[in-house]
Amino acid sequence: MAQLSLPIRWLPRYLQRARSDSLVRNSLYLMASTVITAALGYVFWVVAAHRFTHQQVGIAGAVVSLCSTVALLTYVGPFAMLIERLPANEFSSAWTVVLVRACLATATVTALVTAVAVPLLRGSPDYRAFFNGAAPIIIAIAGAAAWTLVNLLGAAFIAARRADRLLLIQTLVSVIKVLLVFPLAAAGAAGLIKAWVVSALLGVGLGASWLVPGMGLGRRPGPRPRRRATVATGGRQSSDRQSRHRRPSAPPSASFLRRLAGQHLTSVGGAVTPLVLPVLVVLKLGVTQNAYFYITWMLGGIFFMVSPAVASATFAEGVRAHSDLRAVVAKALRVIVVMLAPAMAIMIVAGRFILGLFGAPYAAAGYGLLILLAISALPDAVSNVAVAVFRVTHRLSYSAALNLGILVVTLGGAWVLMRPLGIAGVGIAWLGAQILGAIASLPAYVLIRKPLTLAPDQAQEPADDAERDAGVGVLIDLAKQQSLDRLGSRIP
């Protein structure tokens, strides 16, 4: 009884810290956003599985994956740039200019890439049957661009440390998507895709008209003081207002560009695989098998929610204390095992029943794949934590090669094994790639066994306290968002 009362006495202290500590508060909002988005995503596809045919669910899942993949490939870089640049421009018109330019440019690129990708996919009979006119193509282009904008607005909320607004916009988008399934059911596969696209467009409108302006970061608060001119040396006039916390703009250094490219490729390699796989399944096995695959993979996403989140926390903690990285990694692995073990046991024992909620054919076709996904969660966790170590130590070329290697092996193996083994071949390819990735991750664990040495570009970083703190904040925000991206890529 005393053991129970002790945590209860500490509860007010935890609540007070959650309210006063921005890092704790925003972390809780981000975790809540992940859970709510996942839960409503399951509801959306459960309803779809019962109100639509297998063929309609299959082609809709493939088109949504296509749009999400194109968006991911185009917004990850601008996303990181927004998190880095927006805090330095708060309470000035430059904040709005940076955000608007990034959103317009990135959404335009997303739309153009989607417009190019759709004709290439029309070589498949299933894709050709759906993209049989201008309207479905326009819907896909609008959906990809809208999903890009939703994520870039999320970057603005994270940069401002207002993750409560990220929670709100993602919750509303998910709720609207579920509600639209019912009135659009008569439209078939197009109705499913329209529900996804319209919910994203409404989320963009809500964010641009209310949530972003409500933060008041694009203007200076209060009345603008008049600029007083003073005579400077040499008879020139200058303003007595000094721009504190602002440094002269300079082009990004080569070191910065290399790190940005490394972070971008690492994130893309880790997130794009589940988005590309449904496209391959449609091309190889058809839309019916993709319906079984898409629902099973979505359900198996619970295994791949844990280790990316813990790895993100490892990244953030490791940035703050390099010397204690070994202890942080050991703790991360323990947490992953404790959280994964119950999920794996539940899915192995009750997975057939859970898939049966979508329909008996889903349970019959997908249970074997679900078991393979459960087993693969362990080597996936090993490589995810290793990637966090490589990020902390700026071994970004290795982390990018690791994640991209897992991507290539998975896609190549799935393409070869799907024909003889069906969707289970995708699970075997994924499991094999994860085992190879875990083996290739061993240098990270060797690295933390000896005293950590900084990479050359780290040693050249400025020692100014304010700049160092700002850099840590950026890395923490990027680490948090990696978990959301990883989950969002599985449940668009």
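Read-outs: derived from the displayed coordinates by stated rules, not from any lab. Predicted, not measured: the structure shown is a model, and the values here were computed from it. Cβ: placed from backbone, ideal geometry, glycine included. Neighbour counts: every protein chain shown.
Key figures for this structure:
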{"quantity": "Extension reserve of the Ala350-Val337 stretch, reckoned as 0.36 nm per residue once the Cα distance is removed", "calculated": "2.7 nm"}
{"quantity": "The stretch 404-420 - phi-based ³J(HN,Hα) in whole Hz, Karplus 6.51/-1.76/1.60, Gly and Pro as x", "calculated": "5, x, 4, 4, 5, 5, 5, 5, x, x, 4, 4, 6, 8, 5, 4, x"}
{"quantity": "Cα-based shape type of the stretch 348-425, given that a ≥ b ≥ c are square roots of the gyration tensor eigenvalues and the cut on a/c is 1.5", "calculated": "oblate"}
{"quantity": "Ranked list, fewest to most other Cβ atoms within 10 Å of each Cβ, for Lys284, Lys177", "calculated": "Lys284, Lys177"}
{"quantity": "For the stretch 20-220, diffusion coefficient by Stokes-Einstein and Kirkwood Rh (Cα), 4 °C, 1.567 mPa s, µm²/s", "calculated": "74 µm²/s"}
{"quantity": "Protection proxy ranking, peptides 266-278, 34-46, average beta carbon neighbours within 10 Å, highest first", "calculated": "266-278, 34-46"}
{"quantity": "Packing-based ranking, highest mean first, of 117-123, 397-403 given that Cβ atoms within 10 Å are counted", "calculated": "397-403, 117-123"}
